[in-house]
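The values are calculated or read from the model by the stated rules, or taken from the named source; none is laboratory data. Small disclaimer: the values here were computed from a predicted structure and weren't measured. Here Cβ is always computed from backbone atoms with ideal geometry, including for glycine, and neighbour counts include all displayed protein chains. Heavy atoms of the whole protein, side chains included, go into the accessibility calculation; ligands, DNA and RNA do not. Shrake-Rupley method; radii C 1.70, N 1.55, O 1.52, S 1.80 Å.
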Amino acid sequence: MRTIIEPFRIKSVEPIRMTSPAEREAILAAAGYNLFRIPSDDIVIDLLTDSGTGAMSAEQWAAVMRGDESYAGSPSFRRFEKAVRDITGFAHVIPTHQGRAAERILATTMLRAGDVVPNNTHFDTTRANIEAVGATALDLASPASRELSASAPFKGDIDLEALAALLENPPSRVPVVFVTVTNNGGGGQPVSMANLRAASGLCRRHGVPFYLDACRFAENAYFIRQRETGYAGKSLLEIAREMFALADGCTMSAKKDGMANIGGFLCSNDERLARAETELLILTEGFPTYGGLAGRDLEAIAVGLYEALDLSYQQYRHASVQYLGEHLTAAGVPILQPPGGHAIYVDAASFLAHLPREQFPGQALAIELYRHAGIRSVEVGSVMFGRRDPATGIEQPGPNELVRLAMPRRVYTQSHVDYIVETFAEITAERHRISGVRIVEQPAALRHFTAIFETVSLA
Ligand SMILES: *Cc1c(COP(=O)(O)O)cnc(C)c1O
């Protein structure tokens, strides 16, 4: 069969409130043209993030009812720990309320001021937690990742030459090396097993612990199965185990491939380190058998981690992201190639080439997607990564002007994706009429969450 169907039936539905263009125009104005400020019940299709927005399965809801909420020694923790150990092979499993809590505990125990921590691309919370202890977060993305429109199978790889040079001649202490699978900051691009093996080998030769930021480990395993020689016949569980076996520990947000709405964990094989981490966990998150989560959350994650490794689920998920990418490309929409595992990134600078970068083409496109069809996306461009010089008022642009369409897990069907494609087709025909925006109010940091915009009339 050529048709890849959603490998599930729908047992419970959540109505979508349809809005008219006039209503959306008023909602946009009230929100200061910032999509983060729009109430989610005013959104038709929400592609803001794939984090914590997935649908849980009947098995997960059944497990939720088994959740044991005892403060200490809950069997829910034992089931969670067993699942994490079975998949990752790590000896010590520390539950946390989400990924960034795992990062904070790791940064506080493993790092000190002046250290350097390399990664293929640091996720923003990872970078912030490393910088919060005075260390430097260094991105060593592979050279292939810099070409937005050029397709390559493993654009998420870490730059091995740069990593080797750093470890040979460290400018200061390198207490841990990270690789993020898939590379979220780099467009959801996968990392090959060969790259993980080589990076792990370099780290072991230099006695440096090698960690995975494992948020999308199952999507990465699927890409390895599809694209890397020798893996076509393996199960996703076998591939995931092989990935984790190369590492000494991991951080994880269960809001991604844990298929849960909240949760995370921190793993290692180092008993002394795990003891220090557990002490901090008790201080900031909770007792080691729940770590900031309810027993029912631990149960949902224990089931969800295996569901993420189900081949037919990954086939459907990738088919749907791929389908969106192919149809946008066919409609003449420039996207980051190839489509990633969890999202499509539209190159708004070339799509809205009539807008100068000071007029935020990414934000302008994100606004238009909402105005036209009620679709919420997120700008990953100069609003997020640029800054305004407080003295001169001049805007420093970010590295790219992208708009991310992130796909929640098991939430939307083929017809929702067709609706997104049709929206782009209609917008593309009239794109020269889309006007830019300027920022009229912004906070000192993380301005994308709260800034207020107004439209700039077209010249
Ligand atoms: C989401 C994410 C995190 C942080 O996890 P939270 O659960 O949001 O705290 C870290 N790294 C990557 C790659 C992520 O995608």
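At-a-glance table
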| item | result |
| --- | --- |
| Within the accessible area of region 420-459 (1.4 Å probe), percent carbon and sulfur | 54 percent |
| Region 58-307 - charge dipole about Cα centre, Lys and Arg +1 at Cβ, Asp and Glu -1, debye rounded to 20 | 200 debye |
| Residues R173 and I282, FRET efficiency given R0 of 25 Å [Cβ-Cβ distance, rounded to 0.05] | 0.35 |
| Residue-span extension gain [A165 to L446] - 0.36 nm each, minus C-alpha spacing | 97.9 nm |
| Between 0 and 90°, nearest 10: helix 295-307 axis offset from the chain longest Cα axis | 80 degrees |
| Relative contact order [Cα under 8 Å, 6+ residues apart], the chain, whole percent | 22 percent |
| 5 angstrom amide H check on R387, placed H, neighbours 5+ away | Q396 |
| Principal-axis tilt of helix 217-227 within the chain, Cα atoms, nearest 10 degrees | 80 degrees |
| Full-extension gain in nm, Q396 to A62, via 0.36 nm per residue minus C-alpha separation | 115.2 nm |
| Reachable lysines from K82, criterion Cα separation under 30 angstrom, eight or more residues apart if same chain | K11, K234, K255, K256 |
| Neighbour cut-off at most 12 other Cβ (10 Å), DSSP loop, GluC sites (Glu not before Pro), region 391-459 | E430 |
| Over 18 Å [Cα-Cα, region 14-103], rounded percent | 66 percent |
| Packing rank of 186-196, 67-77, where each peptide gets the mean count of other beta carbons within 10 Å, highest leading | 186-196, 67-77 |
| Principal-axis tilt of helix 99-110 within the chain, Cα atoms, nearest 10 degrees | 50 degrees |
| Charge dipole (region 173-259, unit charges on Cβ, about Cα centre) - positive-most of I239, G207, Q189 | G207 |
| Distance cut-off 28 Å, percentage of C-alpha pairs in region 162-303 lying past it | 24 percent |
| Value of D in µm² per second that Stokes-Einstein yields for region 127-228, Kirkwood Rh from Cα pairs, at 10 °C (1.306 mPa s) | 112 µm²/s |
| Rh by Kirkwood over Cα pairs, then Stokes-Einstein D for region 58-307 at 1.567 mPa s and 4 °C, µm²/s | 72 µm²/s |
| DSSP beta bridges in the chain [antiparallel fraction, %, rounded to 5] | 70 percent |
| Surface accessible to a 1.4 Å probe, C267 within the full protein complex, Å² | 0 Å² |
| Distance between modelled label sites at Y323 and A232, nm, 7 Å Cα→Cβ extension | 2.4 nm |
| 222 nm mean residue ellipticity, helices alone, for the chain (DSSP H n ≥ 4; -39,500 (n - 2.57); rounded to 500) | -12000 deg cm²/dmol |
| Cα gyration tensor of the chain - equivalent ellipsoid semi-axes, whole Å, descending | 35, 26, 22 |
| Per residue accessible area of the chain, 1.4 Å probe, in Å² | 42 Å² |
| Carbon + sulfur, % of accessible area of region 58-307 - ligands and nucleic acids excluded, 1.4 Å | 53 percent |
| Rg followed by Dmax, in Å, when region 214-275 is reduced to its Cα trace | 13.2, 40 |
| Per-q log10 I(q)/I(0), region 408-449, q = 0.18, 0.33 Å⁻¹ (Debye; single scatterer per alpha-carbon; no solvent) | -0.79, -1.11 |
| Farthest toward positive dipole pole in the chain [+1 Lys/Arg, -1 Asp/Glu at C-beta], among L167, I262, P143 | L167 |
| 3J(HN,Hα) from dihedral phi, region 201-208, Karplus parametrisation 6.51/-1.76/1.60, rounded to Hz, x for glycine, proline | x, 4, 5, 5, 4, 9, x, 9 |
| For I45, residues with placed amide H under 5 Å, excluding near neighbours | I375, R376 |
| Length released on extending from R78 to D389, taking residue separation times 0.36 nm less the Cα-Cα span | 106.8 nm |
| Phi-based couplings in Hz for region 84-95 (Karplus 6.51, -1.76, 1.60; Gly and Pro marked x) | 5, 5, 4, 7, 9, x, 6, 6, 10, 10, 10, x |
| Heavy-atom SASA rank of T450, T96 (probe 1.4 Å, accessible area, largest first) | T450, T96 |
| Value of Rg to Rh for region 293-414 (Rh from inverse mean 1/r over Cα pairs, i.e. Kirkwood) | 1.09 |
| Evaluated at q = 0.15, 0.18 Å⁻¹: base-10 log I(q)/I(0), Debye formula over Cα of region 52-130 | -0.77, -0.99 |
| Dmax and Rg, reported as Rg then Dmax, of region 346-457 (C-alpha, Å) | 14.5, 49 |
| Per principal axis, descending, Cα span of region 102-151 in whole Å | 39, 20, 13 |
| J(HN,Hα) series, region 428-438, from Karplus relation 6.51 cos²θ - 1.76 cosθ + 1.60, nearest Hz, glycine and proline x | 4, 4, 10, 5, 5, 8, 6, 9, x, 10, 10 |
| Relative frequency of Cα-Cα separations exceeding 21 Å in region 282-352, percent | 53 percent |
